[in-house]
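> Before I ask anything, let me first share the structure, which is written out below as structure tokens.
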Amino acid sequence: MPGLIGLLVPLEGDAGHGWPPGVDSFASRPLFPAIDPDGAWLNNHIAQAVIGAILVIAFWLWMARDQKIVPGKKQFVGEQLYNLLRNTIARDILGHDYRTFLPYLVALFSFIFVNNLFGSFFLFMFPTFSKIGFPYGLALVTFLMYNVAGISKYGFGNYMKRMTLPEGVPVFLWPVIIPLEFISNFVARPFTLALRLFANMFAGHLVIMVFVVGGGLLLASGQAFYVAAGSMSIVFSFAIFALELLVAALQAYIFTVLSAQYISSAIAEEH
């Protein structure tokens with residue numbers, strides 16, 4: 001099948017944009033090559049995250065304006081989203097301490113959701129959190145949040161004891177339990193929190209690229225069989241786009257729920 005084999009060859013001089021899509025397809029582009037040639041600090045994906053933060057701030061400021069006793073459509077949408085985050089995440093998980101952490105949880109969900117939606121928005125077509133550095137950065141903020149909250153409430157020594165030594169553990173098991181609890185609470189949590197978000201957004205975007213780019217190459221072949229297969233691939237990609245919208249909301253919700261649970265475990269009265 002020489003025709004198909006030809007389609008599978010990467011495009012010469014177009015690394016990262018040929019076939020097959022892969023890790024190179026997620027490479028960042030420098031915004032100001034003269035200042036930052038490698039785009040380590042000023043690239044299109046960092047700019048995208050900044051735009052996402054601005055949109056989140058602007059959205060909630062807009063929702064907070066002109067509040068009325070009988071809400072209009074705009075206020076109704078804002079209140080429903082706020083109540084969802086307050087009631088099903090903050091209040092249900094954190095209990096009476098939820099007001100302290102509610103602003104962070106609302107901002108967290110909103111920021112992740114908007115940046116995930118960028119993967120399906122035609123001006124960006126790239127989910128910010130499919131770049132591993134962004135999930136790690138957000139997981140680090142949550143890591144600092146729940147540890148600072150716990151230390152502030154119980155003091156460093158008591159907090160470390162509570163997080164590494166559950167009540168009722170026999171003394172002879174301490175050498176086993178303490179390292180395991182330390183790894184679980186201080187190492188595994190931030191890594192798994194970040195990797196879960198990254199893996200879902202990376203895999204989803206990669207699948208979309210395979211169907212869209214592969215379908216485009218098949219359509220360009222001019223051969224009837226490949227054109228038919230390419231058409232089916234493009235049509236099917238729309239279904240994947242719809243699924244990605246669900247995944248975008250679900251991953252933002254899961255990340256926020258887990259962040260709330262980690263905060264709750266750090267400040268809980270009993271373990």
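> If I go through segment 106-132 residue by residue, how many of them are part of a helix (DSSP H, G or I), open to solvent by 50 Å² or more (accessible area, probe 1.4 Å) and over 20 Å from Ala260 (Cα atoms)?
Qualifying residue count, segment 106-132: 1.
> Next question, about the same structure. What number of residues in segment 147-162 are under 11 Å from Ala268 (Cβ atoms), open to solvent by 80 Å² or more (accessible area, probe 1.4 Å) and of a type in the set (Phe, Trp, Tyr)?
The initial filter retains those residues of segment 147-162 that are under 11 Å from Ala268 (Cβ atoms), namely 149-150, 153-154, 162.
Now drop any that are not open to solvent by 80 Å² or more (accessible area, probe 1.4 Å), which leaves 153.
Okay, now just the ones that are also of a type in the set (Phe, Trp, Tyr), so none.
So the count comes out to 0.
> Show the residue pairs meeting these rules: Cβ distance below 8 Å; 6+ apart or different chains; first residue within segment 81-103 and without any contact (Cβ under 8 Å) to a residue 60 or more places away in the chain; second residue hydroxyl-bearing (Ser, Thr, Tyr) and surrounded by 19 or more Cβ atoms within 10 Å (Cβ to Cβ).
Here the result reads Arg86/Tyr98; Arg91/Tyr98, each pair linking segment 81-103 to a residue that is hydroxyl-bearing (Ser, Thr, Tyr) and surrounded by 19 or more Cβ atoms within 10 Å (Cβ to Cβ).
> Moving to a separate point now. Restricting attention to segment 173-188, and to residues there that are open to solvent by less than 50 Å² (accessible area, probe 1.4 Å) and hydrophobic (A, V, I, L, M, F, W, C), which single residue is nearest to the chain's Cα centre (by Cα)?
It comes out as Ala188.
> Residues in segment 133-146 that are of a type outside the set (Val, Ile, Thr) and open to solvent by 60 Å² or more (accessible area, probe 1.4 Å): how many? Explain how you work it out, then say what you get.
Of all residues in segment 133-146, those of a type outside the set (Val, Ile, Thr) come to 133-140, 143-146.
Filter once more, keeping what is open to solvent by 60 Å² or more (accessible area, probe 1.4 Å): 136, 140, 144.
Here the count works out to 3.
> Please enumerate the residues belonging to segment 189-241 that are open to solvent by 40 Å² or more (accessible area, probe 1.4 Å), of a type in the set (Gly, Ala, Ser) and at pLDDT 85 or above.
Answer for segment 189-241, where residues must be open to solvent by 40 Å² or more (accessible area, probe 1.4 Å), of a type in the set (Gly, Ala, Ser) and at pLDDT 85 or above: Ala199, Ala203, Ala224, Ala228, Ser231, Ala239.
> Would you mention how many residues in segment 48-77 are closer than 19 Å to Met125 by Cβ and surrounded by 13 or more Cβ atoms within 10 Å (Cβ to Cβ)?
Looking only at that region, the number is 5.
> Have a look at Pro103, Pro170, Pro166 and point out the one that is surrounded by fewer than 16 Cβ atoms within 10 Å (Cβ to Cβ) and in contact with an Asp or Glu (Cβ under 8 Å, 6 or more places away or on another chain).
Within the list Pro103, Pro170, Pro166, the selection yields Pro166.
The values are calculated or read from the model by the stated rules, or taken from the named source; none is laboratory data. Every value quoted in this text rests on a predicted model; they were computed, and no experiment measured them. A quick note on method: Cβ atoms are made from the backbone with ideal geometry, for glycine too, and the neighbour counts reach across all protein chains shown. Keep in mind that these areas ignore ligands, DNA and RNA; they rest on the heavy atoms of the full protein, side chains included. Shrake-Rupley method; radii C 1.70, N 1.55, O 1.52, S 1.80 Å.
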